[in-house]
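The values are calculated or read from the model by the stated rules, or taken from the named source; none is laboratory data. The structure displayed is predicted, hence computed values, not measured ones. FYI the Cβ positions are ideal-geometry reconstructions off the backbone, even for glycines, and counts take in every protein chain you see. Note: areas computed on protein heavy atoms with side chains; ligands, DNA, RNA excluded. Shrake-Rupley method; radii C 1.70, N 1.55, O 1.52, S 1.80 Å.
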Amino acid sequence: MQYLKEEIKNRILLAALDEFKEKGYLSASIRNIASNADIALGTVYKYFKNKEDLFNSIVEPVYNDLFAAINKIIMTEVNPDDKLIEIKNKILDIFKGHSKDLLILFGKSKGSKYEYFKDELVDVLHKILQKETFSRFEDKSVVKEPFIFYVLSANFIEGIYTILKTQENGEKIGMLIDQLIFLSFHSIERRFEEMSHIY
């Protein structure tokens, strides 16, 4: 009997994953989820209180896992470039086993308590760039407007999302994110110095 309950719950979760990934939190339908899981609508509510509860059951473990790892990485005594690599590796590790969950968090969570997931990632990266990368600049005056670090962070996170939602091969995803890191942040101090002669 317990096995049957777990099997039904798993069918609901799998159907919900597809529904949320396709339609997003706001447009997803519990009725569709029940139909795709081949169960009665009322059965869903025996396992989950409502759509929010079902959504949270799917994405919360991935969210908690990622941010627990990121907070640990931030506290480590390594340079900012290595922190970016470690964050990339954690994202890839999660993506291997929970690609749909992660993509839902990135782009299909509007209306839920996780709708600012990307903004939170941008804020984390912005802190790393603003505090740690900026501290490596010998001449702080070359940065005319520090807000550019926020723009770089937002572009980088959006780039990761674009790679994740368009690629399936883990090795290729890793290579593309490595290239994105290189193109976005390699020799950033020198590039700011060169730009300071223009403005």
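When the accessible area of the chain is computed with all protein chains present and a 1.4 Å probe, what percentage of it is carbon and sulfur? Mind dumping the intermediate values first?
Details: 5960 of 11430 Å².
That share works out to 52 percent.
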With point charges of +1 on the Cβ of Lys and Arg and -1 on the Cβ of Asp and Glu, referenced to the Cα centre of region 1-145, which listed residue (T43, I94, P61) lies farthest in the positive direction of the dipole? T43
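Give the longest segment of the chain that steers clear of GluC sites (Glu not before Pro) in DSSP loops with at most 14 neighbouring Cβ atoms within 10 Å, not counting the sites themselves.
The longest such stretch corresponds to 1-76.
How charged is the neighbourhood of I181? Take every other residue with its Cβ under 10 Å from the Cβ of I181, and add Lys/Arg as +1 and Asp/Glu as -1.
Details: positive: K88; negative: D81, D178.
Within the 10 Å Cβ shell, the charges total -1.
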Using alpha carbons only, what's the Rg to Rh ratio of region 41-90 with Rh from Kirkwood? 1.30
Vicinal HN-Hα couplings computed from phi for region 22-29 (Karplus, 6.51 cos²θ - 1.76 cosθ + 1.60; Hz; Gly/Pro x): 7, 10, x, 4, 5, 8, 5, 10
Out of every Cα pair in the chain, what percent are spaced more than 25 Å from each other? 46
Report the Cα-based extents of region 108-199 along its three principal axes, largest first, to the nearest Å. 42, 31, 21
Where Rh is the Kirkwood radius over the Cα pairs of region 67-150, the temperature 20 °C and the viscosity 1.002 mPa s, what D in µm²/s does Stokes-Einstein return? 149
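Using a simple charge model, +1 on the beta-carbon of Lys and Arg, -1 on the beta-carbon of Asp and Glu, nothing else, what dipole does region 116-199 show about its Cα centre, in debye to the nearest 20?
Charge dipole, region 116-199, about its Cα centre: 60 debye, nearest 20.
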Simple spin-label estimate for S196/L26, 7 Å along Cα→Cβ, in nm, reads 4.4
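Taking region 85-189, which chymotrypsin sites (Phe, Trp or Tyr not before Pro) meet the DSSP loop condition and have no more than 15 other C-beta atoms within 10 Å? Intermediate values should be presented prior to the final figure.
Values: sites: F95, F106, Y114, Y116, F117, F134, F137, F147, F149, Y150, F156, Y161, F182, F185; in loops: Y114, Y116, F137.
Here the sparse-neighbourhood loop sites are Y116, F137.
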What FRET efficiency comes out for the pair N10/Y116, r = Cβ-Cβ distance, R0 = 30 Å, nearest 0.05? 0.55
Semi-axes of region 1-107 from the Cα gyration tensor (sqrt of 5 times each eigenvalue, largest first, whole Å) come to 33, 14, 11
Dipole size in debye (nearest 20) for region 1-150 around its Cα centre, Lys and Arg Cβ +1, Asp and Glu Cβ -1? 460
Region 38-153 - accessible surface per residue (Å², probe 1.4 Å): 53
Size of electric dipole in region 1-85: Cβ of Lys, Arg +1 and of Asp, Glu -1, about Cα centre, debye, nearest 20: 440
